[in-house]
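To start, the structure itself, in structure tokens.
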Amino acid sequence: YSPNSYQIIARGANKMPVERRHHPRAETHLSADIVNGNEQSMEAIITDLSAGGLTLEGSAKLVKHIEIIDADSGEPRFPIEASIVFKLPTTDAVIQIKVSCRLVHKRRLAQDLYRISMVILEINDEQRAQLARHVDTINAG
């Protein structure tokens with residue numbers, strides 16, 4: 001896990017936000033299975049992806065699925081982590097990627113639409129390289 005894996009915004013000399021991501025991101029629309037801490041699975045959409053993180057979009061039901069509530073406190077158990085499995089199209093084949101992630105940001109976009117940003121905690125080196133190549137291919141054009 002690298003603190004630079006997720007978005008860090010700084011202000012440049014002209015006071016405009018400057019994006020300083022460790023890994024470039026690309027917009028995407030990939031179906032994914034989200035497995036929470038109770039080993040329950042739910043489908044969501046990955047709307048952007050990098051070798052260091054991803055963004056999910058889904059309903060309030062997805063948020064409740066990821067945020068397991070502690071029976072004693074009634075609050076989400078922290079840190080909020082999930083396993084995410086998705087298929088990545090490559091030039092040779094479609095490969096399955098499995099990552100372990102931690103929630104870093106959640107934003108409500110509409111009454112029942114949320115954007116959930118996750119940092120990748122665990123992924124093997126080969127799959128991280130495949131993600132990076134996939135993002136480079138999308139961004140190239």
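The values are calculated or read from the model by the stated rules, or taken from the named source; none is laboratory data. Not measured: the values here are computed from a predicted model. Every residue, glycine among them, receives a Cβ derived from its backbone with ideal geometry; neighbour counts consider all protein chains shown. Surface areas here come from the heavy atoms of the whole protein model, side chains and all, with no ligands, DNA or RNA. Shrake-Rupley method; radii C 1.70, N 1.55, O 1.52, S 1.80 Å.
Couple of notes before you dig in:
- In this structure the chain gives 61 Å² per residue of accessible area when probed at 1.4 Å with all protein chains present.
- Estimated from helical segments only, the mean residue ellipticity of the chain at 222 nm is -5000 deg cm²/dmol, where each DSSP H run of four or more residues counts as -39500 (n - 2.57).
- Matching label, Rg and Dmax of the Cα atoms in Å computed from the structure shown, candidates [x] 28.5, 100; [y] 15.7, 50; [z] 17.6, 63: [y]
- Vicinal HN-Hα couplings computed from phi for segment 121-130 (Karplus, 6.51 cos²θ - 1.76 cosθ + 1.60; Hz; Gly/Pro x): 8, 9, 6, 6, 4, 5, 5, 4, 5, 5
- Per residue, the Cα convex hull of segment 83-141 amounts to 112 Å³.
- In order along segment 48-63, phi translates into HN-Hα couplings of 8, 8, 8, 6, x, x, 7, 10, 9, 10, x, 7, 4, 4, 5, 4 Hz, rounded to whole numbers, per the Karplus curve 6.51 cos²θ - 1.76 cosθ + 1.60 with θ = phi - 60° and x for Gly and Pro.
- Within the chain, longest stretch free of exposed trypsin sites (Lys or Arg not before Pro) [DSSP loop, at most 11 other beta carbons within 10 Å]: 21-141
- Lysine pairs in the chain with Cα atoms under 25 Å, if 8 or more residues apart or on separate chains: 9
- For Thr47, the residues whose amide H sits under 5 Å from its own are Thr55, Leu56, Glu57, ignoring neighbours fewer than 5 places away on the same chain, with H placed 1.01 Å from N.
- Less than 5 angstrom separates the built amide H of Leu121 from those of Ser100, Cys101, Arg102, all sequence-distant by 5 or more or on a different chain.
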